[in-house]
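Beneath this line is the structure, given in structure tokens, with notes to follow.
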Amino acid sequence: MDTQSVEMSASVMDQLEESLLQRYPEAPGFVGKTKAAEEFRNYEQTARSTVREFYRLNHTHQTLDFVLTKKNEYLALNRAQMSVWEAMEFLNSLVDDSDPDTDYTQIEHLLQTSEQVRRDGHPRWFILTGLLHDLGKILCLWGEPQWAVVGDTFPVGCRPDDRIVFHEFFAQNPDSHIPQYQAPLGIYQQGCGIGNLHLSWGHDEYIYNVVKDYLPDQALAMLRFHSFYPWHKEGAYAQFMAPSDAGLLEAVRAFNPYDLYTKSHERPDVAALRPYYEDLISEFLPATLRW
Ligand SMILES: [Fe+2]
Ligand SMILES: [Fe+2]
């Protein structure tokens, strides 16, 4: 993969995050701590076309077949053995220098997120979850196109909910011609549990699988569903929820502000924070993980 396309993915990621802030500008629990959405550099014109094109590709190509193929390809976790810190440094090769206001590296975003969780006095597993949550974006560095790494996720194999952003592009998805996949339940059963849905492929599902043996259920839900905005922000797909999902939804909602609204905080001192986080990582995770 050439450098230019890697830089472009980081830039698209930033624009997607800005579009999320435009869609969800409120910051519950963070009043007075965040930059107002309108203060963020105004990318509206360019972001609109870039973000729109991103979702056109995403909604066109994320089919049930595609998701199952990617799960097969990645979830054997036989690509690499790396420590969490090595994965963070690997991810950091996604650099975006296009915006002086939000010019944070990927490591800085992870540490800004985890440090805010830590300042708010949450349990250690929650702090670690903040640190880990975007490590699945190394999919970009394995050569995946950005529409298969980032952006809002949604279940495939059932009718896409109207509340999904740029919903109209699903008309171009080949699954729109398969009647079973267009039923409200599709290939699933009522109340089957959110964890039993095949969500569109991306960085959430990947990091969830890398650490799923080591963290509590709430942490795993935060990792696996943090991009599932149609569910945790819009209230869609309630037909699939099992009773145990209510607590997981609450956990994902508790995590979301830390991901969305910590970008305007000061730049973390990566070297100074490293010993604390190496200790935290070793409390829960083995020295190397399979990726
Ligand atoms: Fe993410
Ligand atoms: Fe994030």
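The values are calculated or read from the model by the stated rules, or taken from the named source; none is laboratory data. Every value quoted in this text rests on a predicted model; they were computed, and no experiment measured them. Methodologically, a virtual Cβ is constructed for each residue, glycine included, from the backbone with ideal geometry; neighbour enumeration extends over all protein chains shown.
Brief remarks follow.
- Meets criteria (more than 16 Å from ligand 2 (Cβ to nearest atom), in contact (Cβ under 8 Å) with a residue 24 or more places away in the chain and not basic (Lys, Arg)) for ASP204: no
- Where a residue in segment 118-145 is under 17 Å from PHE225 (Cβ atoms) and away from ligand 2 (no atom under 16 Å from the Cβ) and its partner, wherever it lies, is part of a loop (DSSP other than H, G, I, E, B) and among the hydrophobic types (A, V, I, L, M, F, W, C), with Cβ under 7 Å and at least six apart: TRP125/LEU215
- One residue from LEU249, LEU273 being part of a helix (DSSP H, G or I) and closer than 23 Å to ASP162 by Cα: LEU249
- Residue satisfying all of: in segment 66-85; in a helix (DSSP H, G or I) and free of Cβ contacts under 8 Å to residues at least 24 places away in the same chain; surrounded by the fewest Cβ atoms within 10 Å (Cβ to Cβ) among these: ASN72
- Applying the condition of being closer than 25 Å to GLY186 by Cα and touching a Leu at 6+ places or on another chain (Cβ under 7 Å) to segment 232-275 and asking which residue is farthest from ligand 2 (Cβ to nearest atom) yields GLN239.
- In segment 89-121, the residues that are of a type in the set (D, E, K, R), assigned to a loop (DSSP other than H, G, I, E, B) and modelled with pLDDT of 90 or more: ASP120
- Unique match (being surrounded by 15 or more Cβ atoms within 10 Å (Cβ to Cβ) and under 15 Å from the mean Cα position of the chain (by Cα)) among ASP161, ASP152: ASP152
- The listed residue being aromatic (Phe, Trp, Tyr), in contact with a Gly (Cβ under 8 Å, 6 or more places away or on another chain) and assigned to a loop (DSSP other than H, G, I, E, B), out of TYR181, TYR188, TYR206, TYR214: TYR188
Listed here are the residues, each with its yes/no results for (1) within 14 Å of ligand 1 (Cβ to nearest atom); (2) out of contact with any strand residue (DSSP E or B) (no Cβ under 9 Å at 6 or more places or on another chain); (3) touching a residue at least 60 places away in the same chain (Cβ under 8 Å).
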{"position": "ASN209", "(1), (2), (3)": "no, yes, yes"}
{"position": "ALA219", "(1), (2), (3)": "no, yes, yes"}
{"position": "TYR229", "(1), (2), (3)": "yes, yes, yes"}
{"position": "PHE240", "(1), (2), (3)": "no, no, yes"}
{"position": "ALA246", "(1), (2), (3)": "no, yes, no"}
{"position": "TYR261", "(1), (2), (3)": "yes, yes, yes"}
{"position": "GLU266", "(1), (2), (3)": "no, yes, no"}
